[in-house]
Amino acid sequence: MADHARGEGASSSSSNPRSIHTAQSPPLVELTLVDVSADLAASSDIAPLLSKALDVGGGGCIHVSVRPSNNNSADCPEHHDIPDQVRERISKSVTRFIKPEDRYLALGSLLLKSRAYHQTLADVNGEASCSAAGGISLPVVDLPRTEYRKPYIPIPESKKGQDRNNNHNHHHHHHLISVSHQFPYVGLSRLNLQSPYLLQSSSTPLHVGLDIVTYQPPNPRLYSSTSEFLDVFRDSFTSSEWEHVVDQSAPAAAWFGRRHKSDEDSMREFYLRWAVKEAYTKALGVGMGLDFGSFDVRFDCCKNNSGGLVESFDMAKEREDDRNTHRLATLGKIVRCGGNDAATGHREEIWHFTFTELGGKKPSELDVCTSTTSKQHRREGCACVCVGPITPLEVAERNAIIRPVDVRWMGLEDVLYWHKEDRKLTLTKQ
């Protein structure tokens, strides 16, 4: 939501047990998350950490731009490695922010995008890791952006279509990554081109989107109640979605045996569904360019409960196999309210959504907040990853949504270290 500003309980419409994804195979999507609160608590001055980033690879930072290819079907990347110019450009992309927390988020975003660039090129080249010859450090890369300001990874034209199924042509480079941040979290989701699902998928291009939200109460200086705050966003949701956000029949709720939705649950439902809207439009590459109220998202996990995503999320956390993951995975049907849409060309689509809890109980090795100050920065929230569209045939026959997303937590120093030395660094997974 700031970008505007697994458990493996995946709900599936198929009972087919076959899956092309195993515990050992690469995931379809890699979600990397960074909590910058510990870095901010250590120092409000980002200059030392930024200097380290600019000096990675001997200070040879790279800015990637694009030019039209000869056949005008795609863009070709061009690297500009004039050290002083690129260093200044990257430095300003971080220091242009006034607040220290915004600077840390900007640096985290920069480093995650750079890491994703090197990972994706390694995928395209069929390499197991990004290790450079002789252990040379990899430079920090500044990525180009689309007309909607979405960062993307341009794949060299000479590398496209070289794999055995020509799948790199299908999964357009504009849709390989998605970035989001909401203090103190910054995250990046990336389609893994080594995933067996992509290697065996149909010609339908997949898109990935990410949005991070934190559960913040309404500002009492601006809103007298939760209802007043929520009413501002009423037109961003369809009527069926809005029924899950607010309890429009509160007086009759007890009569029909329904649980009255509290203000806290209404706010959580709102933030979760806002993250869904953001993630989906970002996956399409249009962001706020698509009216949120023009499409309805109907989740499989909500078919048998009246409490919406909040109730489904809480039920997932209560299941024994999900207690340490705090994630919810489900299919969602995207229904266009006005017929075919130019953004996708289809009125109905099936997408997969994964919701990962933020700020809750993490494994001890991931809890990097040790000082009182950093603990005060910890906020509860959620990271929503969507990937699609998934064809009905793929859902029914391949059951490919069993385990689509792997989540990794890193610190800013971890991401820097990844560039400098050990690209095979083993990270703790949730």
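Across the range 252-274, the qualifying residues are those that are open to solvent by 20 Å² or more (accessible area, probe 1.4 Å) and among the small types (G, A, S), and the one among them that is modelled with the highest pLDDT is S262. In this structure, does A42 turn out to be within 29 Å of E380 (Cα to Cα), surrounded by fewer than 17 Cβ atoms within 10 Å (Cβ to Cβ) and modelled with pLDDT under 55? No. Number of residues in the range 12-39 that are modelled with pLDDT under 95 and aliphatic (A, V, I, L, M): the value is 5. The criterion of at least 3 residues that are surrounded by 14 or more Cβ atoms within 10 Å (Cβ to Cβ) and at pLDDT 90 or above is met, among helices (runs of 4 or more DSSP H) falling completely within the range 73-176, by 83-95, 100-124.
The values are calculated or read from the model by the stated rules, or taken from the named source; none is laboratory data. The model shown is predicted, which means the values in this text are computed figures rather than measured ones. Virtual Cβ from ideal backbone geometry, glycine too; neighbours counted across all protein chains shown. Accessible surface areas use protein heavy atoms only, side chains included; no ligands, DNA or RNA. Shrake-Rupley method; radii C 1.70, N 1.55, O 1.52, S 1.80 Å.
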